[in-house]
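Below is one structure; the comments refer to it alone.
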2 protein chains.
Amino acid sequence: MKRVYNFNAGPAALPKEVLKRAQQELLDFDATGMSVMELSHRSNEYEKVHNKAATRLKELLDIPDSYDVLFMQGGASLQFSAIPMNFLPKGKIGNYSLTGSWSEKALKEAGKLGDTHIASSTKETGYMSIPSHLELSDAPAYLHITSNNTIFGTQWRSFPSLSPDVPLIADMSSDILSRPVNIEDFSIIYAGAQKNLGPSGVTVVIIKKELLEQCPENIPTMLNYRIFAKNRSLYNTPPTFSIYMLSLVLEWVAEQGGVAAIEKYNQKKAELIYETIDQSEGFYIGHAQKDARSHMNVTFNLATEELTAAFLSEASEAGFVGLAGHRMIGGCRASIYNAVPLESCEALAEFMNSFRTKYR
Amino acid sequence: MKRVYNFNAGPAALPKEVLKRAQQELLDFDATGMSVMELSHRSNEYEKVHNKAATRLKELLDIPDSYDVLFMQGGASLQFSAIPMNFLPKGKIGNYSLTGSWSEKALKEAGKLGDTHIASSTKETGYMSIPSHLELSDAPAYLHITSNNTIFGTQWRSFPSLSPDVPLIADMSSDILSRPVNIEDFSIIYAGAQKNLGPSGVTVVIIKKELLEQCPENIPTMLNYRIFAKNRSLYNTPPTFSIYMLSLVLEWVAEQGGVAAIEKYNQKKAELIYETIDQSEGFYIGHAQKDARSHMNVTFNLATEELTAAFLSEASEAGFVGLAGHRMIGGCRASIYNAVPLESCEALAEFMNSFRTKYR
């Protein structure tokens with residue numbers, strides 16, 4: 001079986017070892033005589049899976065006991081509404097830092113539910129960079145950022161420091177677990193799983209416990225963080241298979257040496273492609289400013305649309321998948337999440353070089 | 001590999017053929033060189049899966065073109081909020097028929113968002129039956145029912161007929177696809193997948209298109225049926241693997257001869273266990289009134305708690321899984337959804353008879 005070079009932006013490549021393990025035990029999980037998908041979410045066997053996923057994430061990200069790990073559904077998009085529903089009361093203002101399409105969407109959903117303020121934005125310069133300064137509103141409920149911007153290929157390389165009474169909330173959907181972060185700098189971190197954590201269908205939320213008291217009673221139960229925390233994400237049937245896959249991916253990350261080791265590996269992968277761009281004498285043009293470059297999504301263009309089309313077409317024939325840029329900005333994008341092996345990046349760099357030799 | 005007799009209430013048994021197929025192609029779906037979990041949700045390959053699931057459901061349930069099929073997340077529990085958010089405007093009253101714990105929860109969520117009315121209830125008699133008459137409020141926005149009650153083991157054997165201006169909304173989480181229904185009797189049918197449709201993590205919504213115009217602009221995007229319909233459930237990343245499994249389960253149902261054939265098969269399974277109860281001379285005591293008996297969840301008790309405990313313990317040793325009743329009512333419950341084979345029911349009936357011989 002030939003596996004392709006998968007550079008999909010999400011759902012994205014999963015570790016082959018994880019898929020093999022899932023395949024092996026798909027009809028008989030842990031000697032239960034059932035698939036993990038057939039286990040009751042109230043069974044001891046499933047409990048173990050569920051708890052293992054939470055515990056492993058806590059270990060890998062060094063999450064203090066003052067935080068809860070929740071498993072929700074609906075992706076980051078549902079969090080865009082859940083955050084203000086829980087934490088944007090009347091009289092307070094939700095502050096948003098705009099660094100791309102996803103943060104715009106987060107702002108828009110909050111605007112339906114309360115008062116908002118744009119604390120910073122790089123929209124005017126095509127989201128090629130990360131804001132260098134912030135202007136918070138009065139009475140800020142929180143500051144919301146998107147840590148990595150899949151579409152534009154930018155990433156907060158360091159995070160804003162706020163006064164301790166302003167909660168920092170980060171959508172880390174596309175770079176969670178790709179590098180160590182100091183959890184205590186954040187009040188909430190959330191992430192759809194389908195980039196670095198597993199298949200789509202589960203959303204991980206890391207939330208400071210002391211915030212939970214603020215969750216109002218009268219909001220929908222399924223958007224109430226306090227109820228999820230109280231029920232250990234088992235208020236209703238969770239997406240059990242997605243959480244199982246998450247637990248396997250987390251095990252794999254631990255086997256790779258943990259998040260610090262993964263960061264080094266990711267750096268190597270990213271540098272390889274960025275160097276290929278930088279040494280191409282303008283044949284490949286990176287989209288992001290150098291100091292804002294994402295280690296997860298490398299965005300670039302070729303000189304003309306024809307050349308870009310030829311590149312994508314020949315790359316596809318050569319077994320590279322997912323290299324077309326987002327429909328919003330076009331061009332090319334290589335998404336190189338945790339599970340994309342260095343070999344795929346080496347193959348891509350080689351392909352880029354030989355394509356350049358052919359067409360320059 | 002020995003598979004157990006799986007009577008779980010959900011997540012529940014899946015067809016062995018479906019699991020085998022998923023296992024076979026887990027690392028290489030349809031010659032893509034990727035797992036189906038690794039496909040972009042914007043790829044042609046995934047589009048095919050997504051559309052196949054919707055098309056097959058339309059065929060199997062004979063869904064007219066005037067309805068949309070949506071794939072959402074969050075289970076029935078999130079629908080409990082989405083329904084009133086979209087369809088319970090000020091000045092109208094959400095009518096609820098209470099037949100168990102799930103309909104109570106649906107009512108409670110609606111009560112946070114608008115005015116509600118209990119149109120009928122069998123709560124006072126321990127939810128052993130289905131209401132025989134309804135009293136709708138003035139200005140009813142809709143009538144909401146739960147077609148099958150997993151905890152109490154009751155099922156609407158026929159549905160209430162309403163005047164055409166009152167939309168009928170049904171939570172069919174635990175009996176969708178178990179019997180033919182006339183879709184046009186309903187304005188909305190929704191169902192979490194984890195009983196008859198596949199693994200947990202996807203919620204199917206069948207909705208009359210003309211209703212979509214009513215969905216307000218200012219509600220969370222992820223709870224807006226109109227936006228889901230407009231984007232064919234691809235507004236954000238759907239739970240792709242769950243939808244893939246759904247498509248396989250639907251294919252399996254078609255191979256069994258469709259929903260009419262499944263209904264006959266289910267009837268046979270249910271009759272076998274109910275007969276075992278009825279012929280036990282009071283050794284087994286059915287919970288539901290005979291005319292309200294569910295063909296999906298058979299609930300019963302034994303004379304004493306000690307005997308029930310012995311039954312559950314010996315059943316477990318004999319390879320039966322999931323027979324303990326819900327913690328709310330105790331006793332025993334055999335959930336016999338579509339994918340539970342007749343052989344499992346035969347084995348259970350046999351076990352029940354020999355247990356009775358031993359202990360009576």
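Over the protein assembly as shown, dividing the summed -39,500 (n - 2.57) contributions of all DSSP H runs of at least 4 residues by the number of residues returns a 222 nm mean residue ellipticity of -11500 deg cm²/dmol. When you filter the trypsin sites (Lys or Arg not before Pro) in region A:67-168 for DSSP loop state and at most 16 other Cβ atoms inside 10 Å of their Cβ, you are left with A:Lys90, A:Arg157.
Buried surface for the A/B pair, taken as the accessible area of each chain alone minus that of the pair with a 1.4 Å probe, is close to 4800 Å² in total.
Say the cut-off is 25 Å between C-alpha atoms; which of A:Lys52/A:Lys209; A:Lys208/B:Lys108; A:Lys48/A:Lys264; B:Lys2/B:Lys358 go over it?
Values: A:Lys52/A:Lys209 20 Å; A:Lys208/B:Lys108 28 Å; A:Lys48/A:Lys264 31 Å; B:Lys2/B:Lys358 27 Å.
Beyond 25 Å between Cα atoms: A:Lys208/B:Lys108; A:Lys48/A:Lys264; B:Lys2/B:Lys358.
Between B:Ala324 and B:Arg333, the built amide H atoms are under 5 Å apart, and every one of these is 5 or more places off in sequence or on another chain. Values of log10 I(q)/I(0) for region A:257-359 across q = 0.10, 0.12, 0.18, 0.21 Å⁻¹ run -0.25, -0.36, -0.83, -1.13, by the Debye formula with one identical scatterer at each alpha carbon and no solvent. For a straight C-alpha distance cut-off of 14 angstrom, the aspartates and glutamates reachable from B:Lys92 (same-chain residues fewer than eight places away being disregarded) are B:Asp115, B:Asp138, B:Asp165. Working from label points 7 Å from Cα in the Cα-to-Cβ sense, the B:Ser158 to A:Ser163 distance is 7.0 nm. Relative contact order for region A:257-359: 30 percent, from Cα pairs under 8 Å spaced at least 6 residues apart, divided by residue count. Using a 7 Å projection from Cα along Cα-to-Cβ, the label point at A:Asp138 is separated from the same position in the remaining copies by 4.5 nm, smallest value first. Can you give me the C-alpha center-to-center distance between region A:76-124 and region B:248-298, rounded to a whole angstrom? Rounded to whole Å, the Cα centres lie 50 Å apart. With a ≥ b ≥ c taken as the square roots of the eigenvalues of the C-alpha gyration tensor of region A:139-240, please select rounded if a/c is under 1.5 and otherwise prolate if a/b is larger than b/c or oblate if it is not? Cα axes put region A:139-240 in the oblate bin.
For region B:309-349, state the average projected area of the convex hull of the C-alpha atoms over all orientations, rounded to one decimal in nm².
Values: hull surface 12.3 nm².
With every direction weighted equally, the projected area is 3.1 nm².
When the other protein chains are added to the chain by itself, burial of at least 20 square angstrom of heavy-atom accessible area (probe 1.4 Å, ligands and nucleic acids ignored) affects these residues of region A:310-327: A:Arg327. FRET efficiency for the A:Ala347 to A:Lys123 pair, using the beta carbon distance and R₀ = 45 Å, is estimated at 0.80. For B:Ser158, the point set 7 Å out from Cα toward Cβ sits 7.5 nm from its twins in the other copies, listed from shortest up. Computed from the C-beta positions of B:Ser313 and B:Ala139, the FRET efficiency with R₀ = 51 Å rounds to 0.45. As a size descriptor, the averaged projected area of the C-alpha convex hull of the protein assembly as shown was calculated at 30.8 nm². Here region B:183-254 has an Rg and Dmax of 13.3, 40 Å, counting Cα atoms alone. Averaged over peptide A:195-207, the number of partner chain Cβ atoms lying within 10 Å of each residue's Cβ comes to 3. When Rg and Dmax are taken over the Cα atoms of region B:16-255, they come to 18.2, 58 Å.
Quick one: with all protein chains in place, what share of the accessible area of chain A is carbon or sulfur, to the nearest percent (1.4 Å probe)? The partial results should precede the final answer.
Values: 6520 of 13760 Å².
Percent of accessible area from carbon and sulfur atoms in chain A: 47.
Annotation for A:Glu350, label-to-label distances across the other copies: 5.9 nm (shortest first, one decimal, point 7 Å from Cα along Cα→Cβ).
Under the criterion of Cα pairs below 8 Å and six or more residues apart, the relative contact order for chain B equals 23 percent.
The values are calculated or read from the model by the stated rules, or taken from the named source; none is laboratory data. Only a predicted model underlies this, so the values are computations on that prediction, with no experimental measurement involved. FYI the Cβ positions are ideal-geometry reconstructions off the backbone, even for glycines, and counts take in every protein chain you see. The area values use the complete protein model at the heavy-atom level, side chains included, leaving out ligands, DNA and RNA. Shrake-Rupley method; radii C 1.70, N 1.55, O 1.52, S 1.80 Å.
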